[in-house]
C-alpha cells in the first residue's frame, strides 16, 4: 500500500523511509509488496524518486522488483543513466552467471539490462559514466548474458 501511495503522499520523506524499511524486511511478502513501487512509478519522471529507487536497487527486494523496475526505467521520460548504472551493477553482483541461463527468468532481464545500458551510454553526461557503462557491458558479455550482444549490435544499426 505504501508503495502505491508514494506518488500521492503529503510526506514523501516519511514514505521513502517506510519503503526502505520494507525493502529490507525479513518477510518476503513485505519485500514483494514494497517492490511494487517500481511499477507504480511507470511513466513518471524518476528524478524525484531517485533515492527511493536506489534504495530498492540496493535492497533484498531487487529480485522481486527487477522486471518491473527495468520496464519503469525504459519508460522514464527523463534521464536515468545513473539509475541504470546502479541497477546494472547490482544485477551483475546478484545474478552474475545466472543471466546467461535461459532456464532462469533473469536471462530475459539481462537482455533488457543490456538495452538500458546502451540507452544510458547515449544519455551519459560524463566520460566516467560512459566508462562505467562500457565496463558493465563488458562484464555482461563475458558472463554470456542473454541478449546483451544483440542489444549492442542493434544499437550499431540505428
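Tallying residues that are closer than 20 Å to residue 75 by Cα and either surrounded by fewer than 20 Cβ atoms within 10 Å (Cβ to Cβ) or not assigned by TED's automatic domain parsing to the domain that holds residue 147 (or both) within the range 122-135 yields 3.
Of the residues screened, residue 57 is not one that is closer than 18 Å to residue 151 by Cβ and modelled with pLDDT of 95 or more. Helices (runs of 4 or more DSSP H) fully within the range 69-158 that include at least 1 residues being within 21 Å of residue 35 (Cα to Cα): 81-95, 106-123. Residue pairs whose Cβ atoms lie under 7 Å apart, separated by 6 or more positions or on different chains, with the first residue in the range 41-58 and at positive phi and free of Cβ contacts under 8 Å to residues at least 60 places away in the same chain and the second outside any loop (DSSP other than H, G, I, E, B) and surrounded by fewer than 14 Cβ atoms within 10 Å (Cβ to Cβ), are 43/75. When residues in the range 102-121 are screened for being surrounded by fewer than 17 Cβ atoms within 10 Å (Cβ to Cβ) and either touching a strand residue (DSSP E or B) at 6+ places or on another chain (Cβ under 7 Å) or touching a residue at least 24 places away in the same chain (Cβ under 8 Å) (or both), 3 of them pass.
The values are calculated or read from the model by the stated rules, or taken from the named source; none is laboratory data. Here the structure is a predicted model, which is why all the values come from computation and not from measurement. Positions of Cβ are backbone-derived with ideal geometry, glycine not excepted, and every protein chain shown enters the neighbour counts.
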